[in-house]
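Enquirer: My questions all concern the structure below.
The values are calculated or read from the model by the stated rules, or taken from the named source; none is laboratory data. What you are looking at is a predicted structure, and each value in this text was computed from that prediction instead of being measured. Glycine also receives a Cβ, built like all others from the backbone with ideal geometry; neighbour counts cover every protein chain displayed. Quick note on the areas: whole protein, heavy atoms, side chains included, nothing else; ligands and nucleic acids left out. Shrake-Rupley method; radii C 1.70, N 1.55, O 1.52, S 1.80 Å.
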Amino acid sequence: MHFAVLLALFSVAAAEVAGPCDEADCALPTCACSSTATPGGLAVASIPHFVVFSFDDGVTVTNIPFYRELQKRTNPNGCGIEMTFFVSHENSDYTLVNELYRNGHEIAVHSVTHKSDVGEYWRKLNQSQWLAEIEQQREMLNTYGKIPVEKIKGFRAPFLEVGGDSMFGALKEAGFDYDCSWPSLQYTPWFRQPDGSYKGALWPYTLDYASIQDQTVGVKPTESFPGLWVSPMTDLQDNRGFECSMLDACQSSPEGELETSSEAVFDLLKRNFRSHYNTRTPFGIYTHHSWFYNETRKDGLRQFLDYLKAFPHVYVVSVRQLLDWVRSPVPLSQLGTMSSFQCGQTLADNCPDKKNCQYNAPLPISNSEIYMKICNSNCPPNYPYLDNVDGSKPYS
Ligand SMILES: [Zn+2]
């Protein structure tokens with residue numbers, strides 16, 4: 001038998017259907033059943049309450065001023081807040097991604113192409129195609145932004161289009177630690193079940209065993225992916241009563257209120273945060289910079305972050321920090337013993353040579369020209385893109 005056939009047989013055999021999770025067989029720090037129970041069985045009143053804060057898409061000269069402003073904020077331990085940036089390739093200024101990383105934020109992957117065609121592209125990707133989007137964006141971040149590969153551990157799918165076994169298989173194959181693309185409507189503090197009860201929000205869990213989470217977007221995995229974490233995106237509820245997985249998808253009544261009233265933005269965030277307050281389940285602010293195009297919305301967010309300062313147990317964190325805590329949960333009083341919650345120092349500048357590279361059509365994207373700023377004194381000969389990370393191949 002040919003080696004390739006043997007290999008194919010082996011990989012089919014290796015894909016195992018995920019069975020129901022039994023706490024007795026699935027223990028921290030490497031395994032966690034999908035559950036609303038507080039990690040480690042700790043008393044709710046003893047744990048920190050995490051507000052997970054992330055931005056998606058390209059990091060640019062347009063959005064960096066807001067990120068620089070936000071990062072001046074501190075947590076109750078006196079350290080700066082940490083955010084996760086799910087970075088896609090197009091329009092990203094890699095020297096600014098490098099700056100965010102050196103200032104202590106988490107850099108994660110959001111695909112190379114971020115193609116807008118969900119039905120014809122993302123839903124049809126097989127595992128090797130997912131792998132290319134995931135691994136090659138990590139390579140871009142490393143090559144052009146000097147982010148160490150081992151620090152890039154997280155992924156968010158474009159449009160939250162969770163790609164089932166193909167996507168999770170690719171994440172596992174690429175050695176990623178977690179996905180944060182999977183919204184939940186059923187497992188929220190506010191979605192009322194037919195019997196009048198509420199399921200409450202899920203804590204992050206691993207895919208060793210079958211997930212109990214509902215699938216509102218994309219395809220649910222069926223196989224077991226040991227040690228691969230899911231950090232669920234608990235839907236918010238807008239003031240019309242509808243769900244929104246990301247802050248910028250929330251609508252309002254009266255319409256437009258979230259554009260004209262900072263109070264309305266603040267109320268939306270506060271109300272949803274309060275719904276997590278009694279269980280201290282993670283509350284996510286998952287958003288895009290573009291939503292904050294006006295000062296009103298920025299002010300609403302500022303008011304909310306100011307409001308959080310009143311709570312000595314509330315920490316604004318990256319997904320990375322949340323998962324570190326979930327793996328080895330400790331009471332608030334011992335948070336200072338965790339390396340993830342030490343104040344990080346700005347890392348030495350490893351991007352002294354910057355170059356703004358210009359590329360003209362023909363390009364693999366619809367633009368007639370595009371700029372890409374990188375941590376290097378030499379530009380790649382062609383625009384780096386999917387299956388052409390080093391830019392060695394010309395386009396026609
Ligand atoms: Zn996106």
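Enquirer: Across segment 54-90, what is the total count of residues that are more than 16 Å from the ligand (Cβ to nearest atom) and buried (at least 22 other Cβ atoms within 10 Å of the Cβ)?
Expert: 2
Enquirer: In segment 343-396, what count of residues is obtained for those that are in contact with a Gly (Cβ under 7 Å, 6 or more places away or on another chain) and surrounded by 13 or more Cβ atoms within 10 Å (Cβ to Cβ)?
Expert: Qualifying residue count, segment 343-396: 7.
Enquirer: Could I ask something else about it? Could you check, for segment 273-287, whether at least one of its residues is out of contact with any Phe, Trp or Tyr (no Cβ under 6 Å at 6 or more places or on another chain), modelled with pLDDT under 95 and open to solvent by 30 Å² or more (accessible area, probe 1.4 Å)?
Expert: No, that holds for no residue.
Enquirer: Counting only residues that are assigned to a helix (DSSP H, G or I) and among the polar types (S, T, N, Q), which one in segment 285-329 is nearest to the ligand (Cβ to nearest atom)?
Expert: Of segment 285-329, the ones assigned to a helix (DSSP H, G or I) are 289-292, 295-308, 319-327.
Keeping just the survivors that are among the polar types (S, T, N, Q) gives 290, 296, 303, 321.
Numbers: Ser290: 10, Thr296: 23, Gln303: 26, Gln321: 22 Å.
My answer is Ser290.
Quick grid of which residues meet (1) within 21 Å of Gln71 (Cβ to Cβ); (2) among the hydrophobic types (A, V, I, L, M, F, W, C); (3) part of a strand (DSSP E or B); (4) free of Cβ contacts under 8 Å to residues at least 60 places away in the same chain:
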site	(1), (2), (3), (4)
Gly344	yes, no, no, no
Asn378	no, no, no, yes
Tyr383	no, no, no, yes
Asp390	no, no, no, no
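Enquirer: Restricting to segment 305-363, name every residue that is within 30 Å of Tyr385 (Cβ to Cβ) and either in contact with a helix residue (DSSP H, G or I) (Cβ under 8 Å, 6 or more places away or on another chain) or among the polar types (S, T, N, Q) (or both).
Expert: Of the residues in segment 305-363, the ones within 30 Å of Tyr385 (Cβ to Cβ) are 318-320, 347, 349-363.
Correct list: Ser318, Arg320, Leu347, Asp349, Asn350, Cys351, Lys354, Asn356, Gln358, Asn360.
Enquirer: Out of segment 91-103, which residues are open to solvent by 30 Å² or more (accessible area, probe 1.4 Å) and within 16 Å of the ligand (Cβ to nearest atom)?
Expert: Across segment 91-103, the qualifying residue is only Asn91.
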